[in-house]
Amino acid sequence: MDLFLHLWIMIFIYSIFAMSLNLEMGYTGLFNFGHIAFFGIGAYTSALLTLHQIPFALAFVVALVASGFFGFLLSIPSLRLRGDYFGIATLGFGEILRMVFQNEVWLTKGPMGLPGIPKPILFSYRFATLPQYLLLTMGLTIVTFLILRIIIRSPLGRTLRGIREDEIVLMALGKNAFHFKIKSVVIGSVFAGLAGVLWTHYTTFISPGDFTLSETILVLLIVVLGGKGTEWGPLMGAFVLIFFQESLRFLKLPTEWGRYLAPLQQMIFGGLLIFLMIYRPEGLIREKGEGR
């Protein structure tokens, strides 16, 4: 039963993370390879504040604001780049931030990580058990889905899709594409920070090793597998991949296989991402209006 609850908690957390990237990549056409940085900003901000006896509700808000603020700071210079260059810039930001987590021992305790992160308390209710935390993550996943659905179906969402399809035409119609792309990155960063907050208070321990490039590849694969540019795609992708990944942790494999499992898993995920990009770029759920 505990395994079942754990799986669903992880699926909901990564669903939020994937939905945040889907807004940028699926709807705006921005391949943000440093998206894990905002997940980490939310995680570390909330962890550090609550460890210093700041109420969770306040830490929660500050973490989301911090994630959005850094998303804004990154977007100003990086969005002046196009295509692959934007992806490289965001990848560099993600690695720089991971090195900050690694080396600023006075703040983050470096590779030793932050243990003892408290469980969240909202309205005097402590989400300590697995069923309680499942309700919290499920509720915030639903809220995230509804908010992003409203954004996607609003004039802002239609403009973002216009940027993805043909930015030059959109600019010819009088739209400031640069400003709209900043909005996309900021909103996506806020929800990535939300996923980070849920992650850190669920695991109660974080370290720089939790925010590597492999996590970015995982969430990118979730979006591509589920169907980028679709509302339900990130949830479908999270269910399939996280179920597979987390289930492996509980298999009774020989001890000597342990050191091969993580590299093998990364190779499988990388190969699957290449396969999807080539043979099924639309993912499991095809975007409405997309035909062959």
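Among the listed residues THR129, THR144, identify the single one that is in contact (Cβ under 8 Å) with a residue 40 or more places away in the chain and among the polar types (S, T, N, Q).
Residue meeting the stated conditions: THR144.
List the pairs whose first member sits in region 280-292 and is within 21 Å of ARG158 (Cα to Cα) and basic (Lys, Arg), whose second member is modelled with pLDDT of 75 or more and surrounded by 11 or more Cβ atoms within 10 Å (Cβ to Cβ), and whose Cβ atoms are under 8 Å apart, counting only residues at least 6 apart or on separate chains?
What qualifies is ARG286/GLY227; ARG286/THR230; LYS288/THR230.
To keep it simple, each residue is scored yes or no on (1) of a type in the set (D, E, K, R); (2) under 17 Å from ALA195 (Cβ atoms); (3) not in a helix (DSSP H, G or I).
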| residue | (1), (2), (3) |
| --- | --- |
| ILE88 | no, no, no |
| LEU91 | no, no, no |
| GLU95 | yes, no, no |
| ARG98 | yes, yes, no |
| PHE101 | no, yes, no |
| PRO118 | no, no, yes |
| ILE142 | no, yes, no |
| ILE147 | no, yes, no |
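What single numbered condition from (1) within 20 Å of the chain's Cα centre (by Cα); (2) surrounded by fewer than 16 Cβ atoms within 10 Å (Cβ to Cβ) fails to hold for ALA47?
(2)
Name the residue that is farthest from the chain's Cα centre (by Cα), counting only residues in region 207-228 that are crowded, with 24+ Cβ neighbours inside 10 Å and not in a helix (DSSP H, G or I).
GLY227
Suppose the filter is over 22 Å from ASP210 (Cβ atoms) and at pLDDT below 90; does PHE145 pass it?
Spelling it out, it is not the case that PHE145 is over 22 Å from ASP210 (Cβ atoms) and at pLDDT below 90.
Looking at region 44-58, which of its residues are part of a helix (DSSP H, G or I) and without any contact (Cβ under 8 Å) to a residue 60 or more places away in the chain?
Residues satisfying the conditions are LEU49, LEU58.
Taking the stated definitions as given, is GLY258 part of a helix (DSSP H, G or I), at pLDDT 75 or above and surrounded by fewer than 12 Cβ atoms within 10 Å (Cβ to Cβ)?
no
When you check ALA172 against the structure, is it small (Gly, Ala, Ser) and either over 30 Å from LEU81 (Cβ atoms) or surrounded by 20 or more Cβ atoms within 10 Å (Cβ to Cβ) (or both), yes or no?
No, not satisfied.
Yes or no: region 64-85 includes at least one residue that is more than 23 Å from ILE217 (Cα to Cα), outside any helix (DSSP H, G or I) and touching a helix residue (DSSP H, G or I) at 6+ places or on another chain (Cβ under 9 Å).
yes
The values are calculated or read from the model by the stated rules, or taken from the named source; none is laboratory data. Keep in mind the model is a prediction, meaning the values are calculated, not measured. Here the Cβ is made from the backbone with ideal geometry for all residues, glycine too, and neighbour counts use every protein chain on show.
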